[in-house]
1. From the square roots a ≥ b ≥ c of the eigenvalues of the alpha-carbon gyration tensor of the range 4-60, which class results: rounded (a/c under 1.5), prolate (a/b over b/c), or oblate?
2. Could you state the number of Å between the C-alpha centres of the range 1-22 and the range 48-102?
3. Which whole-number percentage describes the relative contact order of the range 33-123, with Cα contacts under 8 Å and a sequence gap of 6 or more?
4. For a test of the definition: using alpha carbon positions, the gyration tensor, and the 1.5 limit on a/c, classify the range 59-106 as rounded, prolate or oblate.
5. Assuming a ≥ b ≥ c are the square roots of the Cα gyration tensor eigenvalues, decide whether the range 1-121 counts as rounded (a/c under 1.5), prolate (otherwise, with a/b larger than b/c) or oblate.
6. Using a 1.4 angstrom probe on heavy atoms only, work out the carbon and sulfur share of the accessible area of the chain in %.
7. Taking 25 Å as R0, compute the FRET efficiency from the Cβ-Cβ separation of Glu34 and Arg94 and round it to 0.05.
8. Stretch Asn14-Ile63 to full length: gain in nm at 0.36 nm per residue minus the Cα-Cα span?
Amino acid sequence: MIFIFGGYAQGKLNFALKKYELDYSDVFDAQQNEFSGYGGERIINHFEYMIKKWLEYDEDPFIKTEEILDVLNSCVIISQEVGCGLVPVDEEERRFREAVGRANCVISEKADTVYRVCCGLGLKLKGGDS
């Protein structure tokens, strides 16, 4: 599994498409689709929206992330880094940020390769040549 994270609009998806020579038909967009619609695409984009949906359904994002990682072991998972900046006043937004941060930690721990993308440039934090 490959994990790519970074801030909003930093070029994470384009980085993944170029790096792994894939195209948009290889992308599952979690912002647009429920995970039940996942069809085996190589890239899961906007993983943070899966977490948002799980919170809306009162499901534990930490447990759900653990459960699906075996299914996604050959995927590139892309998630936004949401923990930087001001702490939101809204309790739900704070809960969302914490859940995304914890899920990103679980994914990065289990991933073979981890990149942080900023301004379209990927900095490898973990892993071999992939």
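The values are calculated or read from the model by the stated rules, or taken from the named source; none is laboratory data. Owing to the predicted nature of the structure, the values given are computational and were not obtained by experimental measurement. Neighbour counts run over all protein chains shown; Cβ positions are idealised from the backbone, glycine included. In case anyone asks, the SASA skips ligands and DNA or RNA and just uses the protein heavy atoms, side chains included. Shrake-Rupley method; radii C 1.70, N 1.55, O 1.52, S 1.80 Å.
1. oblate
2. 18 Å
3. With pairs under 8 Å counted, the relative contact order is 30 percent.
4. Because a/c hits 1.5 or more and a/b fails to exceed b/c, the range 59-106 counts as oblate.
5. Oblate.
6. Heavy-atom surface of the chain belonging to carbon and sulfur, 1.4 Å probe: 50 percent.
7. Using R0 = 25 Å, I get an efficiency of 0.55.
8. So the extension gain works out to 14.7 nm.
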